[in-house]
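Note sheet for the following structure.
The values are calculated or read from the model by the stated rules, or taken from the named source; none is laboratory data. This one's a predicted model, so the numbers in the text were calculated from it and none came from an experiment. Cβ atoms come from the backbone with ideal geometry, glycine included; neighbour counts cover every protein chain shown.
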């Protein structure tokens, strides 16, 4: 189970819901940045997942940040957003920051990330770090595949990963 965040409870978390071809995407944010995103069947499921991970409540937002809505709808523009990755290790953050560099419509192998962050033998650890990604719809861990060109794992399942890559025009 991923580490719980230690973000101050003074920074209230709120969330938005955005319809996508692959389902409803929810994203939580505060003045510190975007802290959590996932596909969920409904708001209660998202709220429970957020509270289980961060041990604090989240409420619906009265306004939707346009850049976040756009990124959730299209899977683009996510590199311009600010993320709250508190609670992750330095290694996990370095993996996610390198993953942010993979352009829409392209893929990279787990080994590429490991080499790029200076840990060429840490391929499995890269996979584990991607598994801890609290914002997988925005920091595009679905764009990371196995070195043999096969899809690899994904928190929402391999079919969701295939769907997200297909939305971006990637054919494996």
**OP:** Select, from 106, 116, 159, the only residue that is surrounded by fewer than 16 Cβ atoms within 10 Å (Cβ to Cβ) and in contact with a helix residue (DSSP H, G or I) (Cβ under 7 Å, 6 or more places away or on another chain).
**Re:** 106
Original post:
Among the candidates 77, 87, which residue alone is in contact with a helix residue (DSSP H, G or I) (Cβ under 6 Å, 6 or more places away or on another chain) and crowded, with 17+ Cβ neighbours inside 10 Å?
Top reply: 77
**OP:** State all residues of the stretch 48-94 that are modelled with pLDDT of 90 or more, within 27 Å of residue 123 (Cβ to Cβ) and part of a helix (DSSP H, G or I); if no residue qualifies, say none.
**Re:** 53, 90, 91, 92, 93, 94
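Being in a helix (DSSP H, G or I) and farther than 25 Å from residue 15 by Cα is the filter here; which residues of the stretch 96-110 pass it?
98, 110, listed by residue number.
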Original post:
Got a number for residues in the stretch 121-132 being modelled with pLDDT of 95 or more, buried (at least 16 other Cβ atoms within 10 Å of the Cβ) and not in a helix (DSSP H, G or I)?
Top reply: 1
**OP:** Go through (1) at pLDDT 95 or above; (2) under 16 Å from residue 166 (Cβ atoms) and name the single condition residue 152 misses.
**Re:** (1)
**OP:** Evaluate the following for residue 149: is it surrounded by fewer than 18 Cβ atoms within 10 Å (Cβ to Cβ), within 18 Å of residue 28 (Cα to Cα) and either in contact with a strand residue (DSSP E or B) (Cβ under 9 Å, 6 or more places away or on another chain) or assigned by TED's automatic domain parsing to the domain that holds residue 25 (or both)?
**Re:** no
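Within the stretch 33-47, is even one residue touching a residue at least 60 places away in the same chain (Cβ under 8 Å) and in a helix (DSSP H, G or I)?
no
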Original post:
Given the conditions (1) at pLDDT 95 or above; (2) crowded, with 16+ Cβ neighbours inside 10 Å, and given that residue 22 satisfies all but one, which numbered condition is not satisfied?
Top reply: (1)
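Among the residues that make up the stretch 9-17, is at least one of them within 24 Å of residue 153 (Cα to Cα) and outside the structural domain of residue 151 (by TED's automatic domain parsing)?
no
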